[in-house]
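Visitor: Encoded as structure tokens, here's the structure I'll be asking about.
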Amino acid sequence: MNDVINKKHYFNQTPLYERNYGKLLSYFRSVPSAFISVRHVSGVVLQILVVEDHRYTSILDVSVCMTGDCRSPTDMQMTVRMCHDAKVAEVVECCNHSDFVPEYQYPNPRMHHRDEKHQVNRLLGEWLDFFAEKLNRRVSEAESAV
């Protein structure tokens, strides 16, 4: 009976990391800059800042602000590591929480969800999808002006 309870159910993160890498890369292909700010119609702002940029790895600060300034307690801030040789992007810190493990035992002292790491990386992908339409529209407008 204990063998069934203690069995690990790791979530395969690789496909999610690969999708997030492609989504982040599309932002930098359209706007060649170390800082990107995209404002959505509803007033939500996405800010991506390249903190470190090396041959195989880049570190990004990704912020989603509910107002024009990024100081509200409802704002979300993530640190994302992009590995260019493996073509993956992984959230390494979210809202001042780092050191995510693939799966938490439940219950745990900090009450993390069992698949917390998967959920945080999925959240990054969903935010990038939310702003993608706005970014594509802005890029197509700039291309048509040329």
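Bear in mind these aren't lab numbers, they're just calculated from the coordinates by the rules spelled out. Please read these numbers as outputs of a predicted model, since none were measured by experiment. Cβ placement follows ideal geometry from the backbone for every residue including glycine, while neighbour counts extend to all protein chains displayed.
Visitor: Which part of segment 35-56 falls in the paramagnetic zone of C83, meaning amide N under 20 Å from the point 7 Å along Cα-to-beta-carbon?
Guide: Counting only backbone N, you get 51-56.
Visitor: Something else: Calculate the FRET efficiency for D53 and C95 from the Cβ-Cβ distance with a Förster distance of 25 Å, rounded to the nearest 0.05.
Guide: 0.55
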